[in-house]
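Some notes on the structure that comes next.
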Amino acid sequence: MNANLYRKTDNKMLAGICATISARTNLDLNITRLAVAGTAVIGTAVGFGLAIPVLYVLAWLLIPAQGETSSIAQRWFNKPQVQEALNKTSDALNKKKGQ
């Protein structure tokens, strides 16, 4: 099995997270989807709130799609505008810390 983790682009419904889980665990894709959806519904009912949907979105942002070298989050953080904003924030925090 490939050690790298990539989101599956085939058999995906939303972001390919369930297809990736299914492929890596050798479970049926429909069972994986039902388990994720059921866990989200039951988790909301028993107090986990939006933990599963939030984890799903984080996985979508952080795991690169199959055939790509970077994730959505990596591409976003590498934009010059974002880098400039991060540098300004870091400079402002350092100035405040030094006062």
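Observations, loosely collected:
- Where residue 54 falls short, out of the listed (1) over 17 Å from residue 14 (Cα atoms); (2) in a helix (DSSP H, G or I): (1)
- Members of the stretch 14-72 that are among the charged types (D, E, K, R) and without any contact (Cβ under 8 Å) to a residue 60 or more places away in the chain: 24, 28, 33
Residue by residue, here is whether (1) modelled with pLDDT under 80; (2) not charged (D, E, K, R) holds:
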position: 54; (1), (2): no, yes
position: 57; (1), (2): no, yes
position: 66; (1), (2): no, yes
position: 71; (1), (2): no, yes
position: 75; (1), (2): no, no
position: 82; (1), (2): yes, yes
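- For the stretch 10-49, the candidate set comprises residues that are at pLDDT below 80 and in a loop (DSSP other than H, G, I, E, B); within that set, the residue that is surrounded by the fewest Cβ atoms within 10 Å (Cβ to Cβ) is 47.
The values are calculated or read from the model by the stated rules, or taken from the named source; none is laboratory data. Note that the structure is a prediction, hence the values are computed from the model and not measured. Here Cβ is always computed from backbone atoms with ideal geometry, including for glycine, and neighbour counts include all displayed protein chains.
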